[in-house]
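Accompanying notes for the structure given below.
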Amino acid sequence: MKRLVVIGSGVMGRGIAYVAAIGKCDVTLVDIKEVQLANAKEEITGLFQKAVTRGKITETDFNEAQGRLQYSTSMEAAFEEADFIIEAVPEKIEIKRAVFEKMDYHAPEHCFFATNTSTMSPTEIGSFTKRPDRVIAMHFFNPVHKMPLIEIVRGLETSDETVEAVKELAGMMKKETVVVNEFPGFVTSRISALVGNEAFYMLQEGLGTPEEIDKAIRLGLNYPMGPFELGDLVGLDTRLNNLNYLHAKLGEKYRPAPLLEQYVKAGRLGRKSGRGVYDYSDKGGDK
C-alpha cells in the first residue's frame, strides 16, 4: 500500500489519516476548504503529541509519521498517484456520487476505492464508477484512534481482491475487522440506531433523566457510553439522518423519535454545536 488518499478532513477523515500515518502509510488528506485542512492538521499534530506524552509512540515515530502525512486542496492531483482512496465526506449520496465520479476519472486503474459510511450502499456507490469490483465500504468508528473495529462491507460487485486489500490496510492501522455483506445499516448501525432512538422515546415519555438512562445502559448492559453520550458525540443530526435512511429502507421500527427531530430542528446537535442532550458550552459542559 504505497499511497493512501483520504477525502474529507472532518472528524472521521482526520482520524483515518492519523491512524494510517501511524501505521506507516504515506497519506494525503484532501479537503476543498483550506481552513478545514488547517484545523485538521492542528488536531492531528495534537494527537501525535499526546501519543508521545503517553508513551504510545516515540519522538522518532512522531517525526516519521508527520513526514508521511501531506495535506492538499487538490483532489485531482492527489488521485493521480493513489493506490487506495478512502472517502469520508458527509452522508449525502449526491456528494458521494460527485466525489466517486471524480475519483474514477483521475485515479489509476489499480486503485481501490472505499467509502466511510455507517449506512449507505457500497453497491450503489460502486455504480458511480467503472470499477464496482474495486469499491467497498469501510465503517470506521468515532474516535478513530481509540475504537478498535472497522466494519468492512462488501457490495454486490466487490471482489475478493478488494476485500483482502482492505483487510491489509486495516491491519496496518492496527484495527480489528469484520466482513459483512451489504444490507441497510450493516450490523453496528442498525443496533446503535435502535438503542439511541429508544433512549429518546424513553426521555420523551418521562421514564428518566438523560443521566439516569445513560447510567443504566452503561452499568446495566456494560456499554462504554450511554446512548445520549454517544449521540452527542457522533452528532444528533447524523443519528437522525441514519434513522431516516433506515426507516425508509427497513420500516417502522426505525421511525425517529419526535423528540430527536425537535432537538435537531433546535440546532442541538451535540458536542459540535455546544449543546445536544447535554450542555457543552461551559468548559466541556456536563459530560
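The values are calculated or read from the model by the stated rules, or taken from the named source; none is laboratory data. These numbers were taken from a predicted model, which means no experiment stands behind them. Cβ placement follows ideal geometry from the backbone for every residue including glycine, while neighbour counts extend to all protein chains displayed. Heavy atoms of the whole protein, side chains included, go into the accessibility calculation; ligands, DNA and RNA do not. Shrake-Rupley method; radii C 1.70, N 1.55, O 1.52, S 1.80 Å.
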Query raised in the report: Under a point spin-label approximation (7 Å from Cα along Cα-to-Cβ), what is the T188-K33 distance to one decimal in nm?
Result: 2.5
**Report entry** Candidate residues K175, K2: accessible-area rank, largest first, probe 1.4 Å
**Finding:** K2, K175
Requested in this report: Assuming R0 = 25 Å, can you tell me the calculated FRET efficiency for the pair M147 and Y105, based on Cβ-Cβ distance, to the nearest 0.05?
Outcome: 0.15
Requested in this report: Using a/c under 1.5 as the rounded threshold, could you call the stretch 2-84 rounded, prolate or oblate? The axes a ≥ b ≥ c are square roots of the C-alpha gyration tensor eigenvalues, and prolate needs a/b larger than b/c, oblate otherwise.
Outcome: oblate
Report task. Counting only C-alpha contacts under 8 Å and six or more residues apart, can you give the relative contact order of the stretch 1-120 as a whole percent? Result -> 31
Query - P(r), alpha carbons of the chain - 5 Å bins starting at zero, rounded % - result: 1, 6, 12, 16, 18, 16, 14, 10, 6, 2, 0, 0
Query raised in the report: Residues in the stretch 128-154 near a label at V178, defined as backbone nitrogen under 14 Å from the 7 Å Cα→Cβ point?
Result: 139-141, 148-154
Report summary line: Per-residue accessible area, 1.4 Å probe, largest first, puts D31, D214 in the order D31, D214
Query raised in the report: Which of these, G276, G15, G67, has the largest mean-square fluctuation under a Gaussian network model of the chain (Cα springs below 10 Å)?
Result: G67
Query raised in the report: Once every DSSP H run of n ≥ 4 in the chain is given -39500 (n - 2.57) and the sum is divided by its residues, what mean residue ellipticity at 222 nm do you get, rounded to the nearest 500 deg cm²/dmol?
Result: -15000 deg cm²/dmol
Query raised in the report: Can you tell which of L269, P184, L219 lies farthest toward the positive end of the dipole of the stretch 134-287, using +1 and -1 charges on the Cβ of basic and acidic side chains (Lys, Arg; Asp, Glu)?
Result: L269
Requested in this report: Output the peptides 124-134, 216-226 sorted from most to least packed, where packing is the average of other Cβ atoms within 10 Å over each peptide's residues.
Outcome: 124-134, 216-226
Query raised in the report: Using the beta-carbon distance between E205 and D279 and R0 = 25 Å, what value does 1/(1 + (r/R0)^6) give for FRET efficiency, to the nearest 0.05?
Result: 0.70
Query - Fraction of alpha-carbon pairs over 16 Å apart in the stretch 233-287 - percent - result: 43
Requested in this report: Can you tell me the dipole magnitude for the chain around its Cα centre, using point charges on the Cβ only (Lys, Arg +1; Asp, Glu -1), in Debye to the nearest 20?
Outcome: 480
Query raised in the report: Relative to the longest principal Cα axis of the chain, at what angle does helix 160-172 sit, 0 to 90 degrees, rounded to 10?
Result: 80
Report task. Compute the Kirkwood hydrodynamic radius of the stretch 167-287, taking the inverse of the mean of 1/r over all pairs of distinct Cα atoms, and give it in Å to one decimal. Result -> 15.4
Report summary line: The relative contact order of the stretch 168-241, taking Cα pairs under 8 Å that sit 6 or more residues apart, comes to a percentage of 20
Query raised in the report: What is the stretch 183-236 by shape, rounded, prolate or oblate, if you read a ≥ b ≥ c off the alpha carbon gyration tensor as root eigenvalues and call it rounded for a/c under 1.5, prolate for a/b larger than b/c, and oblate otherwise?
Result: prolate
Report summary line: For Q70, placing the label point 7 angstrom along Cα-to-beta-carbon and taking the stretch 37-58, residues whose amide nitrogen sits under 18 Å are 37-38, 41
Query - Set of lysines near K272 by C-alpha distance (under 21 Å), chain-local residues within fewer than 8 positions excluded - result: K33, K41, K92, K146, K283, K287
Query raised in the report: What order do you get for 56-63, 87-94, 268-275 when each peptide is scored by the mean count of other beta carbon atoms within 10 Å, highest first?
Result: 268-275, 87-94, 56-63
Report summary line: Listed by chain and number, the aspartates and glutamates with an alpha carbon less than 17 angstrom from that of K249, same-chain partners under 8 positions apart left out, are E91, E124, E182
